[in-house]
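Below: the structure, in structure tokens.
The values are calculated or read from the model by the stated rules, or taken from the named source; none is laboratory data. Being a predicted model, the structure only gives us computed values, none of them experimental. No Cβ is skipped: glycine too gets one built from the backbone with ideal geometry, and neighbour counts run over all protein chains shown.
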Amino acid sequence: MGFPVPVEYAVAVDQYLDQAGLSSASRRVYQISLANWAWPLVGKPVPTSPQRRGAVPPILPLALLDEPDAKVKLAAQFAARTSMADARTANRELSALRSAVGWWREQGWIRGDPTAGLRHEHPHERGTPLNGEQVNALFLLRADLREHAMWRVLHDSGAPASEVLSLDAAQLDLSRHRTRPRAGSQIRWADIQWSDRTSLMLRWLLAGRMWGPVFITSRRAQFTIGARRVPTNRPDAAVIPTRGGDLHHGDPPPGRNRPGLDTAPAEHGRKGTSA
């Protein structure tokens, strides 16, 4: 038994996503991508930051995809998107629309394919790798601990950024400076390795967390020791609070860096805790 023909584009998007079998994270990405294609169909530009966050897509009939000018509008939006965003991002958004359009056509909800003729953009070739001097300069930049830890994992392992960003704290074996083996994994980069110095940075970043994304996008860039706020964006030997509330540069205090423990020296110094 077929699905009832939806009138609104947004309803058609929801019904496509309901049957697509996507994870919650992938569904959210597809939802955003497909919602953004609604703007050009009514002749409006897609809002850009900061207006893009919280912008409500226009309500429009799904039948607009069969209008003669739909191809032109979508092509113009794709060209504009590739000029503002990374080619991979624009290609992913086009793939989401193309997949939805294909399913809608199978249901008989629309007749034509307004994405016909649109081709993926080739990503720009990778730039020249950084030399040793440039890497050292990068590690001396003032940035959050999150960024420095991520840069070091990328530099040490050579793994793709997408794999590193998807790491979960439970996957890290900080005593062996690598990820734990994933049972049955066929992913090339399932085994990511790094240096002992990077493991130390990861301990500080995790601050005792045993699960959840390693590289959380939280912007908490400081922790509190007593009445003093201490920045955590030191790129070299980090400032480490000791139990007495003083500051220590270099190696963590004895017993704070035992192999196999994800304990970070900054844990007890967080706001709301006591020594």
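Numbers below:
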read-out: Only listed residue being more than 23 Å from the chain's Cα centre (by Cα) and in a loop (DSSP other than H, G, I, E, B), chosen from Pro40, Pro68; value: Pro68
read-out: Filter result (within 16 Å of Arg203 (Cβ to Cβ) and either among the acidic types (Asp, Glu) or not in a helix (DSSP H, G or I) (or both)) within region 145-173; value: Asp156, Leu167, Asp168, Leu172, Asp173
read-out: Test for Arg119: is it farther than 24 Å from Pro6 by Cβ and either outside any helix (DSSP H, G or I) or β-branched (Val, Ile, Thr) (or both); value: yes
read-out: Residues satisfying the stated conditions in region 53-103, i.e. β-branched (Val, Ile, Thr), in contact with a strand residue (DSSP E or B) (Cβ under 8 Å, 6 or more places away or on another chain) and surrounded by 15 or more Cβ atoms within 10 Å (Cβ to Cβ); value: none
read-out: Region 16-30: number of residues that are surrounded by fewer than 18 Cβ atoms within 10 Å (Cβ to Cβ) and assigned to a helix (DSSP H, G or I); value: 9
read-out: Filtered residue count, region 82-117, keeping only those that are among the β-branched types (Val, Ile, Thr), within 29 Å of Ser162 (Cβ to Cβ) and in contact (Cβ under 8 Å) with a residue 40 or more places away in the chain; value: 1
read-out: Subset of region 1-14 [closer than 17 Å to Ser95 by Cα and free of Cβ contacts under 8 Å to residues at least 40 places away in the same chain]; value: Asp14
read-out: Only listed residue being charged (D, E, K, R), within 25 Å of Ser166 (Cα to Cα) and without any contact (Cβ under 8 Å) to a residue 12 or more places away in the chain, chosen from Asp69, Asp18; value: Asp18
read-out: Of the criteria (1) closer than 19 Å to Tyr30 by Cβ; (2) not assigned by TED's automatic domain parsing to the domain that holds Leu41, which one Val101 fails; value: (2)
